[in-house]
Amino acid sequence: MSKSRSSIFALVAGLGLTVGLTGCETSDTHHSGSTTMADVDHHADHDHSHDAAPVTYDGRWPASRGGGMAWSSMAFPTGNASTSALGVEKGYPREVRLNQPFEYQIVVTNLTSTTLENVMVTDEPNGNMQLMESNPRGRIAASGLPTWEVGNMAPGETQTIRVSARATQEGTVGTCATVSYNSSLCSTVPVVAPKLALTKAAPAQVMACDPIVYNFEVTNTGTGTIDDVVITDELPAGLVGPNGQRTLTFNVGSLAAGQSAQRSATVTAERTGRFQNDASAAGGGLEVDSNSVSTVVVKPELTISKTCTERQFIGRPITYEITVTNTGDGDARNTVVTDTIPAGLQMMNASDGGRAQGGNIVWNVGTLAPNQSKTVTAQLMSPAAGTFRNTASANADCADVVTDGCQTLVTGIPAILLEVIDVEDPIQVGSQVTYVITVTNQGSAPDTNVQIVANLEANQSHVSSGGATNSNVTGRTITFAPIPSLAPKERAEFRIVVRADAAGDTRFKVTMTSDELNRPVEETEATNLYE
């Protein structure tokens, strides 16, 4: 055995294999014609650029191999390829000549579907054989045997070792190959770091009658999946969600890495003011708060003031002035002022584009900013007397309707005309003269309790009297009963017959009074009485 091993050493040294032993039997080595240990060390530094590339196992083992060589095979460790890990095939020439180099091959195949680690091939020659070189290179293991470290072999991978040798004696030569490997069962578990992010969006300002829309977006910004994600929003006091909810809840479900989900809700404000809060999201043992949002709820508040002419005559313009003011903190959009036209009044004109519409005067004012006012005017008239009250109103988007009214007394203008004439003039003493008294209402309103009183001078005496009302004679004074009402354009006539008792320049005097007259109206008629 010592001689055989020394021959292996020498031959392997000639191949450039790394020898891991010391104290070689140099006499045997020199006798066999092998290279020195120095040569072995030199070849050990040679690169592997000419090593054979791996070949993939195609599922058929052992393969049909030729090349004029005799092939043998074995599956390790069971001997059955279907239950073994490695398949080893060896190909030798059918015969070799003494002291002439020849080549044989060792083919190793991974028969499994997993990677085999640290594959190592050992091939022990008999005493009649000297190894010269190999591709890939090998080394002398601690056991003193030629060894090739194939390394890791992928599933189905094949590696071929080509060895050059020579026979040193007649007879037979050969080698015995063994293989070893490591296999491992590996399992991996992904390490993930899921992370929740939540954003909340809301309008900065809304009108009190408008809804507030909250938008939420929850995102898994980490790795891995987060299950049972829930968004929760505790509404601030003064806000209410659908069906009177004070807390908004959204069941999002699962979020994969990088996945987002959006939710929204509409809430309403029970009052004006500033409302601020944030929301939260939780799931998979994680919890996060959103950004804080703030919404200011504003509301316009309208006031209205209306003035009008308190007393006016028939046919004269009645002036109305209407002022609308926004005393709230929100814009009063689409502000409209409406003033009713009472029955019996007629529209004359209106400022600021006011127009008659369905028995009303309508002004489209537009938008009134907080603390802004707008004043409009209109003129109406009445063809008849009466008391007229009308009401103006103002409304705007999101504002309560406001109203105000005023009243106008429309009266006529009393205009009583008193006329007195004598039918004949001059009058001879002893004759009679007739005086005609005419009362005419030239105004636009009835005149009431119209009364006529006539006075005669000393040279006249009463003969008879009559007319619109009965008369009463006391001495030289004739008093007619009052006319209860004298309508506009109506006339009343009275006649008094007087006898001329003495000559003279006589004055027949008539006095008229009424409820509408502040002082009496007097009229005289001159009559010349002669002898």
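The values are calculated or read from the model by the stated rules, or taken from the named source; none is laboratory data. Quick caveat: nothing in here was measured; it's all calculated off a predicted structure. Methodologically, a virtual Cβ is constructed for each residue, glycine included, from the backbone with ideal geometry; neighbour enumeration extends over all protein chains shown. Note: accessible area is taken over every heavy atom of the protein model, side chains too, but ligands, DNA and RNA are not part of it. Shrake-Rupley method; radii C 1.70, N 1.55, O 1.52, S 1.80 Å.
Structure data summary
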| read-out | value |
| --- | --- |
| Zone of Thr232's modelled label, taken as backbone nitrogen in region 262-293 under 15 Å from a point 7 Å along Cα→Cβ | 278-290 |
| Dipole of region 250-347, positive end: most advanced residue of Gly328, Asn277, Ala265 [Cβ charges, Cα centre] | Gly328 |
| Within straight-line cross-link reach of Lys306, aspartates and glutamates at Cα separation under 12 Å, skipping those fewer than 8 residues along the same chain | Glu321, Asp339, Asp404 |
| Furthest towards positive pole of dipole, Ile427, Ser382, Pro414, structure part region 370-472, Cβ charges | Ser382 |
| Option label - mean projected area of the Cα convex hull in nm² computed here, alternatives [x] 33.8; [y] 25.9; [z] 51.8 | [z] |
| Accessible area of the chain divided out per residue, in Å², using a probe of 1.4 angstrom | 51 |
| Expected-Rg normalisation [2.2 N^0.38 Å, Cα atoms] applied to region 476-531 | 1.43 |
| Mean separation of Cα contacts under 8 Å (6+ apart) over length of region 110-181, as relative contact order % | 50 |
| Accessible area of the chain belonging to carbon and sulfur atoms, whole % at 1.4 Å probe | 47 |
| Gap separating the Cα centres of region 134-175 and region 57-105, nearest whole Å | 12 |
| Cα-projected label distance for Asn349 with Asn182, points at 7 Å along beta-carbon direction, nm | 11.1 |
| Solvent exposure ordering (accessible area, 1.4 Å, most first) of Arg60, Arg495 | Arg60, Arg495 |
| Listed residues Leu198, Asn220, Ala343: farthest to the positive end of the dipole of the chain (Cβ charges) | Asn220 |
| Spin-label model distance (nm) - Val296 vs Ser72, 7 Å beyond Cα toward Cβ | 9.9 |
| Protein-only accessible surface order, largest first, of Glu525, Glu531 at 1.4 Å | Glu531, Glu525 |
| Euclidean distance between Cα centres, region 436-469 to region 470-531, Å | 4 |
| Estimated FRET transfer efficiency when R0 is 51 angstrom, pair Thr411-Asn470 (beta carbons, to 0.05) | 0.95 |
| Per-residue SASA entry for Thr411, accessible area with 1.4 Å probe, Å² rounded to 10 | 30 |
| Net dipole in debye of the chain [+1 Lys, Arg Cβ; -1 Asp, Glu Cβ; about Cα centre; nearest 20] | 1040 |
